[in-house]
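Novice: Pasting a structure here, questions to come.
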Amino acid sequence: MQNMKSVKQRLVLITVALGAMACSSSTIVNGSNATDGGPSQRMAGTYEGTANGFSIQVVDGMARSKVIADVRPKSPEAAFFNLFRIRLSDQAGVCADRAAEVARKNERAVQIELTKYGSTAETAALVPGSYELSPERSENQVLLYTMDEACSTVVSPLVDMAGTSTRRVIITSVTATNVKGSFEIRKGDASLLSGTFDVDVCDAPSPQNETCQ
């Protein structure tokens with residue numbers, strides 16, 4: 001009887017220990033350490049494609065938006081323009097790093113750059129819809145960012161879009177804190193690259209003196 005009681009006690013202790021482990025497990029989500037079952041359980045994004053031999057496992061991401069008044073607009077309809085950036089990185093904590101002015105060695109990232117014009121700041125704001133990536137418009141593109149051991153950055157077009165049949169970014173949801181959508185570039189029936197994003201808006205200012213870590 002004493003042995004049976006001891007076995008039961010050990011089983012109870014093992015069960016409690018396993019339960020504690022399950023409650024304390026965590027997942028990196030958009031650069032934050034969110035416990036399982038938390039409110040922000042989601043992937044920052046995905047990337048598929050072999051354009052230029054590039055591949056990336058997306059770990060974190062962020063979105064940034066800056067509306068600027070053009071002092072010499074091309075037309076009244078373009079008095080304001082919105083510089084919108086979506087960054088998908090293989091590093092965690094990209095917004096926190098930006099706020100702390102930290103650059104990560106050997107980071108690889110895909111950055112979607114969109115520019116939207118409007119007669120007012122409100123009409124220049126990004127809204128859900130389909131945005132074309134055009135070879136003739138340098139402000140709408142998908143770029144590859146790579147850093148070396150010294151945090152020197154190389155920026156290059158991810159793919160030559162000449163001759164592509166589909167080149168678009170689809171924004172499905174925009175709020176003050178989050179942006180969701182997808183992107184795709186195709187040449188005929190072949191997909192050159194595609195992906196999705198579900199990223200938080202990062203309000204951290206542009207770094208002035210980054211530290212390489």
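All of the numbers you see were taken from the coordinates with simple rules; none came from a lab. In this text, all values refer to a predicted model and were calculated from it rather than measured experimentally. Cβ: placed from backbone, ideal geometry, glycine included. Neighbour counts: every protein chain shown.
Novice: Which three lengths, in whole Å and largest first, does segment 42-212 cover when its Cα atoms are put on their principal axes?
Specialist: Here the spans come out as 46, 43, 30 Å, largest first.
Novice: Pick out, in residue order, every one of the GluC sites (Glu not before Pro) in segment 125-213 that is DSSP loop and has at most 10 other C-beta atoms within 10 Å; say none if there are none.
Specialist: Answer by residue number: Glu136, Glu149.
Novice: What is the Cα centroid distance between segment 46-119 and segment 159-183, reported in whole angstrom?
Specialist: Segment 46-119 and segment 159-183 have Cα centres separated by 12 Å.
Novice: From a point 7 Å beyond the Cα of Asp189 in the direction of its Cβ, which residues of segment 146-178 have a backbone N at a distance under 17 Å?
Specialist: Only 165-166 fall inside the zone, counting backbone N under 17 Å.
Novice: Ranked highest first by average number of other Cβ atoms within 10 Å, how do 170-183, 83-96, 56-69 line up?
Specialist: 83-96, 56-69, 170-183
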